[in-house]
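Below is one structure, written out as structure tokens; the observations come after it.
The values are calculated or read from the model by the stated rules, or taken from the named source; none is laboratory data. Model, not experiment: these values are computed from the prediction. Please note: Cβ atoms are built from the backbone with ideal geometry, for glycine as well, and neighbour counts cover all protein chains shown.
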Amino acid sequence: MRKYLILPLALIAFGSTAAPLGLPEVPIPADNPQSDAKIALGEKLFTDTRFSATGEVSCSTCHDPKKAFTDSPLQVSEGIEGLTGTRNAPTVLNAAYNRTQFWDGRSPSLEDQARHPFVNPVEMGLRDHQPILDTIAGDDDYRQAFQEVFGKSGDQVSMDEVLRAIAAFERTRIAGDSPFDRFWFGGDESALTEAQKRGFDVFMNQGRCVACHTIEQDHALFTDHKFHNIGVGVNDLGDKVAPLAQAFLKAKAEGIDVDVAVLSDADTSHLGRFAVSDELSDLGGFKTPTLRNVDLTAPTCTTAVSTTCAMWSCTTTTAAPRPRTSRSRPFSAVQCAPSI
Ligand code: HEC
Ligand code: HEC
């Protein structure tokens, strides 16, 4: 069984107009237009380990291009000095389409999201962002690149430009045109096997997977962008939920950093969307993840999924599927239909 794969991704280069089959146009914010130079700069920043407290961790440590931009097969991510968080790294592929970033949606954009890992103690561990700006100011290549892209160099560069460049790079990491897309949107009957078509039928009908892992008329992101409590993690908390939620709200009112709190304490992590919205109805709610890139190892998925679901899921995939944490069990909660 292949563990990591050569990704048959349609990675769209800047300038190409059409998105790959099965995907909509990539939304580009008006205040951060794409350019080749900006994308190249963003990639350099994304892979630069100097922006961590130990000089060993970059964004790509946990979002490794060779692992479809995840840290598979880790159950939870590992940052500086092997410190572990509470969740694993979702793929950056197609994150450009997310309406919110992170499992609990606590960040509104790629630009905002990129600010956090640098200063999270269990990720890149910097005390603040200044060391990043110091490194950039003292590096000839960066001086030249920031001058070219933003008309600023040296001390003039701020995190704003750094985050924009990273986001511009991430917006080029797009994966579509899978066997599923060729079958469903391209009308190629031979793109899926008969077994995969039966799995897809379960996905659409008995399994009702499509209710949350959405397929639209002309594209499929396999997410409704919403937050659902499907029992993963939060069920293990039992009676602890109410006191934990109360303690969390109090700490939040006193100004704790939510990003640090949810990634440092497993129980707090399970509060899910509640940690962001303060709404009781959001307790244990997590963002529906895309099912694209879940696994390309068809027909042998490496997860405890019923064969039917696996057979279908594998047709959309490029990376090993992992639930959000070692305690995650989406399939016991979701109940895949038996093989047909
Ligand atoms: C130590 C591992 C680690 C590092 C380093 C890291 N990330 Fe992540 N990343 C994660 C984890 C874990 C999550 C999910 C956290 C959560 O949901 O609370 C995540 C989430 C994300 C998401 C949201 C994806 C989604 O579907 O919601 C994006 C985008 C992202 N990271 C980009 C970056 C960028 C850019 C950097 C560098 C500035 C970076 N990451 C550094 C582990 C890491
Ligand atoms: C009520 C909405 C909903 C339905 C219905 C649903 N899912 Fe999900 N799914 C989710 C959410 C939310 C998660 C994330 C759970 C978590 O980590 O807490 C998830 C996680 C997953 C994952 C893990 C992906 C990853 O990257 O970690 C897979 C695979 C999956 N679902 C497949 C399915 C299949 C197959 C079905 C139908 C049998 C299905 N889902 C039905 C909402 C749903």
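Assorted remarks:
- Subset of the stretch 137-180 [touching a Gly at 6+ places or on another chain (Cβ under 8 Å) and over 14 Å from Ala37 (Cα atoms)]: Ala137, Gly176, Asp177, Ser178, Phe180
- Residue among Asp104, Asp134 that is surrounded by fewer than 14 Cβ atoms within 10 Å (Cβ to Cβ), assigned by TED's automatic domain parsing to the domain that holds Ser77 and acidic (Asp, Glu): Asp134
- Residue within the stretch 41-63 that is of a type outside the set (S, T, N, Q), assigned to a loop (DSSP other than H, G, I, E, B), assigned by TED's automatic domain parsing to the domain that holds Asp140 and surrounded by 22 or more Cβ atoms within 10 Å (Cβ to Cβ) present: yes
- Checked across the stretch 192-203, the condition of being under 24 Å from the mean Cα position of the chain (by Cα) and more than 16 Å from ligand 1 (Cβ to nearest atom) holds for at least one residue.
- Screening Ala37, Ala19 for residues that are part of a loop (DSSP other than H, G, I, E, B) and either at pLDDT below 95 or not polar (S, T, N, Q) (or both) leaves exactly one candidate, Ala19.
- The residues of the stretch 177-191 that are modelled with pLDDT under 95, surrounded by fewer than 24 Cβ atoms within 10 Å (Cβ to Cβ) and not in a helix (DSSP H, G or I) amount to a single one, Asp177.
- Exactly one residue out of Ala30, Ala96, Ala89 is within 16 Å of ligand 2 (Cβ to nearest atom), under 27 Å from Glu216 (Cβ atoms) and of a type outside the set (Asp, Glu): that is Ala89.
- Long-range neighbours under 6 Å by Cβ, at least six apart or interchain, first residue touching a residue at least 60 places away in the same chain (Cβ under 8 Å) within the stretch 199-223, second loosely packed, with under 15 Cβ neighbours inside 10 Å: His219/Pro24
- Filter result for the condition that a residue is at pLDDT below 95 and assigned to a helix (DSSP H, G or I), over Ala275, Ala251, Ala247, Ala242: Ala242
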